[in-house]
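Engineer: First the structure, then my questions, so here it is.
The values are calculated or read from the model by the stated rules, or taken from the named source; none is laboratory data. Nothing here was measured: the structure is a model prediction, and the numbers come from that model. Cβ coordinates were reconstructed from backbone atoms using ideal geometry, including for glycine residues, and neighbour counts include every protein chain displayed.
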Amino acid sequence: MSQERSRRWHDALRASPQQIDPLSWITRPWVSLSFAFLSLVYGMTATVLIWPVSERPWLDVCGVLFVFAACLWVQIATRPLRPQFRPARAIGPLVLALIGLAFSTVASMASAVPVHNWWAPVGMGLVIATFAPYATLPQIFTYGGVLTVCTGFAAWPAFIGRDDPWTGLSTVVIACSSVVVGTVATGFFSFKVVYATQRLLGRAGLPIAEDDALREAAAQRAEITTIARLGSRVAPFLERVADAGVVTEADRALAGQLARRLRSDLVTQANRSWLDSLALGGRIYVVDPDNRADSMNAAQRAALRGLLLAVMDDPATDSGSLFIELRGQEDGSTAVAMSIDINLPEGRRVMMIAPYYVALKATVNEISWDPVHDLLRFRVPPGKRW
């Protein structure tokens with residue numbers, strides 16, 4: 001395994017699908033809700049089927065409702081504009097799932113239902129599946145390990161000691177198998193999505209020599225244009241003085257005025273960042289008092305420039321409605337906020353922004369998109385070359 005592949009594997013273990021690409025994860029809003037209703041339908045169906053042979057079926061009903069609530073908790077906690085779903089926020093759903101498991105365990109202790117028809121392990125597996133878009137692989141295995149161990153302990157008083165043909169170990173293995181399968185499948189899915197997306201983002205964000213050459217050529221053209229514009233003011237004056245052969249007081253006053261204008265233009269040109277130059281067209285407002293835009297590398301500039309040009313060239317964008325602000329932070333990084341006012345439906349707006357969002361994701365930190373206020377935020381790392 002190459003060093004580059006090892007690094008990608010290591011990075012994929014530390015990110016969730018939501019973290020690696022929160023904008024274009026189209027199915028994300030429906031994952032938890034889908035598994036929530038699946039757990040409700042499956043649990044209630046299994047409870048109805050075992051109702052005649054169970055002395056406490058209402059406890060199973062309560063258990064199903066708690067498992068359903070656990071999945072629904074994840075759905076509510078991951079709605080747009082909510083904080084990122086972290087391990088501390090997974091405690092609530094896991095506790096609800098364990099309460100549901102406890103209700104089902106008590107119901108099974110007075111039931112003749114065999115362990116292979118027990119619905120609770122499948123419910124625990126579905127709870128793990130709801131974490132797929134929001135948890136890293138180690139987190140998924142941790143959640144799955146907790147529910148697997150608890151399911152194994154729950155199977156002991158509920159099914160061990162019956163006249164079933166299985167040994168105690170076999171009974172525990174049967175009970176835990178659904179949770180293990182759900183955990184492994186969820187972990188593999190999450191890791192595969194993150195790993196594949198990181199490869200795409202890595203290719204999208206690699207700074208290439210051609211981009212550096214083009215940027216250098218553009219800077220040279222801008223410098224030549226500035227010199228030509230300044231020369232067009234000075235050359236006629238020098239020609240007139242040379243033809244006259246005499247420098248008058250009026251010529252001295254005009255020379256001083258031209259010198260002040262030239263100095264002002266040169267200072268302005270030197271202090272203008274590439275982002276300020278892009279804003280000369282008048283459709284974008286830039287607030288960058290410290291010229292933080294110049295600290296961005298080629299990949300970051302290319303991604304941000306592409307997004308700005310795409311938005312400015314779209315006729316649905318109102319003139320002067322694009323606002324971007326860059327502020328330095330205490331740790332040396334640069335916080336960037338960009339407000340976009342686009343008269344497009346949400347789906348078309350997301351599709352227009354998504355390619356540039358993905359490219360930026362590979363080069364900046366803490367990127368987020370607020371669809372309610374059309375606000376894009378990210379942080380440029382301090383002195384880090386991607």
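Engineer: Out of region 121-154, which residues are in contact (Cβ under 8 Å) with a residue 60 or more places away in the chain and more than 27 Å from the chain's Cα centre (by Cα)?
Structural biologist: Result: 122, 123.
Engineer: Evaluate region 84-98: report whether one residue or more is in contact with a helix residue (DSSP H, G or I) (Cβ under 6 Å, 6 or more places away or on another chain) and among the β-branched types (Val, Ile, Thr).
Structural biologist: Among the residues of region 84-98, not one is in contact with a helix residue (DSSP H, G or I) (Cβ under 6 Å, 6 or more places away or on another chain) and among the β-branched types (Val, Ile, Thr), which makes the answer no.
Engineer: Under 19 Å from residue 367 (Cα atoms) and either modelled with pLDDT of 70 or more or in contact with a helix residue (DSSP H, G or I) (Cβ under 8 Å, 6 or more places away or on another chain) (or both): does that describe residue 283?
Structural biologist: no
Engineer: Then there's this: Going through region 66-98 one residue at a time, which ones are buried (at least 16 other Cβ atoms within 10 Å of the Cβ), without any contact (Cβ under 8 Å) to a residue 60 or more places away in the chain and not small (Gly, Ala, Ser)?
Structural biologist: Of everything in region 66-98, those that are buried (at least 16 other Cβ atoms within 10 Å of the Cβ), without any contact (Cβ under 8 Å) to a residue 60 or more places away in the chain and not small (Gly, Ala, Ser) turn out to be 66, 68, 71, 72, 73, 75, 89, 93, 94, 96, 98.
Engineer: What's the number of the condition residue 171 fails, among (1) over 18 Å from residue 183 (Cα atoms); (2) outside any helix (DSSP H, G or I)?
Structural biologist: The failed condition is (2).
Engineer: Looking only at region 361-374, how many residues end up being of a type in the set (A, V, I, L, M, F, W, C) and at pLDDT 75 or above?
Structural biologist: 2
Engineer: Now for a different question. Which helices (runs of 4 or more DSSP H) does region 1-100 wholly contain that include 2 or more residues that are more than 13 Å from residue 134 (Cβ to Cβ), of a type in the set (Val, Ile, Thr) and at pLDDT 85 or above? First the steps, then the outcome.
Structural biologist: Values: elements: 3-13, 17-20, 28-50, 57-77.
Answer list for region 1-100: 28-50, 57-77.
Engineer: Looking at 106, 113, 193, which one is in a helix (DSSP H, G or I), closer than 21 Å to residue 45 by Cβ, in contact (Cβ under 8 Å) with a residue 24 or more places away in the chain and not basic (Lys, Arg)? Write out each step before concluding.
Structural biologist: Values: 113 fails: in a helix (DSSP H, G or I); 193 fails: closer than 21 Å to residue 45 by Cβ.
Exactly one residue qualifies, and that residue is 106.
Engineer: Conditions: (1) out of contact with any Cys (no Cβ under 6 Å at 6 or more places or on another chain); (2) under 19 Å from residue 178 (Cα atoms); (3) in a helix (DSSP H, G or I). Residue 152 meets all but one. Number of the miss?
Structural biologist: (1)
Engineer: If you go through region 125-180, how many residues are of a type in the set (Phe, Trp, Tyr) and either surrounded by fewer than 16 Cβ atoms within 10 Å (Cβ to Cβ) or closer than 17 Å to residue 35 by Cβ (or both)?
Structural biologist: 5
Engineer: What's the number of the condition residue 133 fails, among (1) touching a Lys or Arg at 6+ places or on another chain (Cβ under 7 Å); (2) under 25 Å from residue 45 (Cα atoms)?
Structural biologist: (2)
Engineer: Same structure again: Kindly list the number of the only condition in (1) polar (S, T, N, Q); (2) at pLDDT 75 or above; (3) surrounded by fewer than 18 Cβ atoms within 10 Å (Cβ to Cβ) that fails for residue 334.
Structural biologist: (3)
Engineer: Please verify whether residue 231 is small (Gly, Ala, Ser) and at pLDDT 65 or above, treating the condition exactly as stated.
Structural biologist: Answer is no for this residue.
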